[in-house]
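A.B. asks: First the structure, which I've put down as structure tokens, then a few questions once you've had a look.
FYI, it's all coordinate maths here, none of it is from the lab. Computed from a prediction, not measured in an experiment: that's the story for all the values here. Reconstructed Cβ throughout: ideal geometry from the backbone, glycine too, with neighbour counts over all protein chains shown.
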Amino acid sequence: MRTNFNLFTMKKNILSFSIPLFTFLVIILLASCTKEVERLPFQADELFTAEEKVVLAKKLDVDKFNYIRNVTAEEQYKVFLGRVLFYDNQMSADKSVSCESCHKQELAFADNVAFSRGVSGNHTDRNSIALASFSSFEGHYGEGDPTDVAANSLFWDGRVDNVSAQLSETFANPNEMGMKLHELGARVGDLDYAKLLYDKAFPGQNLTSANVIAAIAAFVGQIESLNSTFDKGLNASFFEVEESFAEFSDAQNNGKQLFLTNCASCHAFSLSESFRHQFGNNDQLASNGLDVAYEDKGLGRHTSLVKDNGIFKIPGVRNVELTAPYMHDGRFESLEEVVDFYSENIQAHPNLSDKLKDENGDPIRMNFTDTEKADLVAFLNALTGSTHMESDLATPFK
């Protein structure tokens, strides 16, 4: 159902407030926006001795590590360790794939095939979800309020509610990393460069799978998606999203209005946390009517409940231009196909989201014109940022 949220009245309402209250609200809004993690170049000698650098340099380009200002010294090492392990094929059962195999940096940490390759030539059951589809991975998925549904649904079927559990299942999955969790620590211990970083990150602690997973989570938490044309327009417009952005073309501005009217009630959360609260979209799992009967039952596969059949995660839309193919099964090759589906082809699944039903309970038909479809895609392309491509998120291996 097209959202009934009337964001377009905000400007009028705000202008009716007193100036001090208006200023206060602006400060609150600015504070709610995600800030880029501050990263500074540093001399490797600051964190590693000459002897340690010799060990690390056998495999890693240590001088390209960056110092992250807003974390502790111990957390620096956790991020460094997690970055190494994220890109290291040695962390899979047959040493053939890494986390990066399914989450490629240049693709906003997604994959460009419907089903990614795992160990032993196996393939994943579902399409890879982009890690850079939110303004901040840590801001969205960080270990926060357990009652916050919007920040606690991972995997396409939403079966876990925290990043550690998600990583554990990924490592153990025989079609992905194929590792026995109790062997993760030993595998790190076999790698002199990883063991050195582990001892820095967890001084005096035994090699444990929990710490290995915590390190990878620390690295993944650094992934951000900012600095898009949309972000620049939003900042320049003083966060008045309903206004036309000077940075946008006419097509992009029209596409933005179409998105706010038709798509924001489900997808605004990935634009910023403040958008999620404005649009009240806390639902992170829903049936979008891809089929009348799903071969993959989604959440229902996990719970065995009929009411959960066809229920899947609502993905973020930042960097969506980079993350084809789309949907849990990668059935759509392009954004144009996705827009066509929502325009005319939503199916009457028994668990179809109420937001996608008309007043009679039937699947809505947005019936976009060809021009509107092109404009909506133009807006979605304006959500592509560059911060996920920073060098300190890239492979550290030579």
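A.B. asks: Run the reach check for Lys95 against lysines, Cα to Cα strictly under 24 Å, same-chain hits fewer than 8 apart removed. What comes back?
C.D. replies: List returned: Lys58, Lys59, Lys78, Lys104, Lys180, Lys195, Lys398.
A.B. asks: On a full-extension model of 0.36 nm per residue, what is the gain between Thr371 and Glu51, subtracting their alpha-carbon distance, rounded to one decimal in nm?
C.D. replies: On the way: separation 320, 0.36 × 320 = 115.20 nm, distance 6.22 nm.
Gain in length upon complete extension: 109.0 nm.
A.B. asks: Going 7 Å from the Cα of Lys58 along its beta-carbon direction, which residues of region 178-217 have the amide nitrogen within less than 16 Å of the resulting point?
C.D. replies: Correct set: 187-199.
A.B. asks: If you don't mind, there's one more thing I want to ask. Cα-based Rg of region 247-369 per 2.2 N^0.38 Å, rounded to two decimals?
C.D. replies: Values: Rg = 14.7 Å, N = 123, 2.2 N^0.38 = 13.7 Å.
Against the compact-globule rule of thumb, the ratio is 1.08.
A.B. asks: Please list the non-local residues whose amide H lies under 5 Å from the amide H of Asn173, H modeled 1.01 Å from N, same-chain partners needing a gap of 5 or more.
C.D. replies: The answer is Gly178, Met179.
A.B. asks: DSSP loop (so not H, G, I, E, B), at most 16 other Cβ within 10 Å: list which GluC sites (Glu not before Pro) in region 296-339 pass both filters. Write out the running numbers ahead of the final one.
C.D. replies: Details: sites: Glu321, Glu333, Glu336, Glu337; in loops: Glu333.
Sparse-neighbourhood loop GluC sites (Glu not before Pro): Glu333.
A.B. asks: Using a cut-off of 25 Å between alpha-carbon atoms, which lysines can reach Lys256, once sequence neighbours fewer than 8 places away in the same chain are excluded?
C.D. replies: Counting by Cα, and skipping residues close in sequence, Lys256 has these lysines nearby: Lys11, Lys12, Lys35, Lys232, Lys313, Lys355, Lys357, Lys373.
A.B. asks: Amide H to amide H, which residues 5 or more places from Ser128 or on other chains are under 5 Å from it, using H placed in the peptide plane?
C.D. replies: Asp111, Ser116
A.B. asks: Tell me which residues come under 5 Å, amide H to amide H, from Ser287 once H is placed; ignore anything under 5 positions away on its chain.
C.D. replies: Phe312, Ser353
A.B. asks: Are there any trypsin sites (Lys or Arg not before Pro) in region 154-218 that are in a DSSP loop and have at most 15 other Cβ atoms within 10 Å? List them by number.
C.D. replies: On the way: sites: Arg159, Lys180, Arg187, Lys195, Lys200; in loops: Arg159, Lys180.
The qualifying sites are Lys180.
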